[in-house]
Amino acid sequence: MMKPSIDIDTVKGFLDPKEGYALYSYALEAGALGPVLEVGSYCGKSTVYLGEACREKGVSLYAIDHHRGSEEHQPGEEYHDQDLFDGKAGLMDTFREFRQTMRNAVLEDVVVPIVASSLVASRNWHTPLGMVFIDGGHSLEAAQADYRSWASHVVTDGILAIHDIFPDPAEGGQAPYEILKLAVVSGLFEEVERIETLGLLRRL
Ligand code: MG
C-alpha cells in the first residue's frame, strides 16, 4: 500500500484514507491511459493521493477548484473553517493552503492547479483523460454540470470516480448519487467498485 510523501492527516479535508488509497490505485492504472483530472481540490488531500500515482506514471494531474469553498464551507455553514477565510476579500480562500500542501508533498511538477469554476475550465477542454474524480459542489445543479462537463472526456477503459455517494438519503445529500446513476443509465459507464462513499466507474 502506498504511503503519501507527507503526513496526510495534517491536510485539511473530508476524504477517508481507504478512499484515498482507492483513488491512488485506480489512478495508477488509469494513468497509463492519459492524464488525470479532479474537480474540487479544497486543500489538496485527494490531490496528494492522485498526484502520487500521476508522478509514478509520468502524467499530469489537473486540479480544478475556484477555491472559494462549496456551499457547506461558507461562514455559518456546517463545514466552515475560519482559518480558510480571507477577511480582506470577505471570501473563502483555500488556494493558499492547497499550494502549501502541493509544496509539502513535492507535487508541484505533477499537479496543474486550475483556479476556476469547473464550467469555465471545461469550456474549451479537448484533452482525453484517463481518469476524472468529481468532488465539487454538491447541489444537484453543480453535480450535474460537473458530470456533463467532464464525463465525456474519459477515454474507453478510463475511470470516473465520484465522491460522497449516499444511497440512503438519511446519510447524506443525493446529488453525487444522482450523477452516478446517470452515468450507469447512460450506458457509457459501469460501476466497478464502491469504497466507503467513493463510487468507481469504468468507461465502456
Ligand atoms: Mg467530498
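Miscellaneous remarks
- Considering only residues in the range 1-43 that are modelled with pLDDT of 95 or more and among the acidic types (Asp, Glu), the one that is nearest to Arg55 (Cα to Cα) turns out to be Glu29.
- Gln144 more than 25 Å from Ala53 (Cβ to Cβ) and within 15 Å of the chain's Cα centre (by Cα): yes
- Top-ranked residue of the range 1-20 - restricted to ones that are away from the ligand (no atom under 16 Å from the Cβ) and farther than 23 Å from Thr94 by Cα, ranked as most open to solvent (accessible area, probe 1.4 Å): Met1
- Annotation note: Cβ proximity below 6 Å between a residue of the range 102-120 that is part of a strand (DSSP E or B) and a residue that is of a type in the set (Gly, Ala, Ser) and at pLDDT 95 or above (sequence gap 6+ or interchain) occurs for Val111/Gly51; Val111/Ala63; Val112/Ser60; Pro113/Ala63; Ile114/Ala121.
- Which listed residue is under 27 Å from Ser60 (Cα atoms) and touching a residue at least 60 places away in the same chain (Cβ under 8 Å), from Val132, Val192: Val132
- In the range 111-130, the residues that are touching a strand residue (DSSP E or B) at 6+ places or on another chain (Cβ under 6 Å) and away from the ligand (no atom under 16 Å from the Cβ): Val111, Val112, Pro113, Ile114, Ala121, Pro128, Leu129, Gly130
- Within the range 21-42, the set of residues being within 12 Å of the ligand (Cβ to nearest atom), of a type outside the set (D, E, K, R) and either closer than 17 Å to Pro113 by Cβ or surrounded by fewer than 24 Cβ atoms within 10 Å (Cβ to Cβ) (or both) comprises Val39, Gly40, Ser41, Tyr42.
The values are calculated or read from the model by the stated rules, or taken from the named source; none is laboratory data. Computed from a predicted structure; not experimentally measured. For neighbour counting, all protein chains shown are included, and Cβ atoms are generated from backbone atoms with ideal geometry for every residue, glycine included. For accessibility, only protein heavy atoms count, side chains too; no ligands or nucleic acids. Shrake-Rupley method; radii C 1.70, N 1.55, O 1.52, S 1.80 Å.
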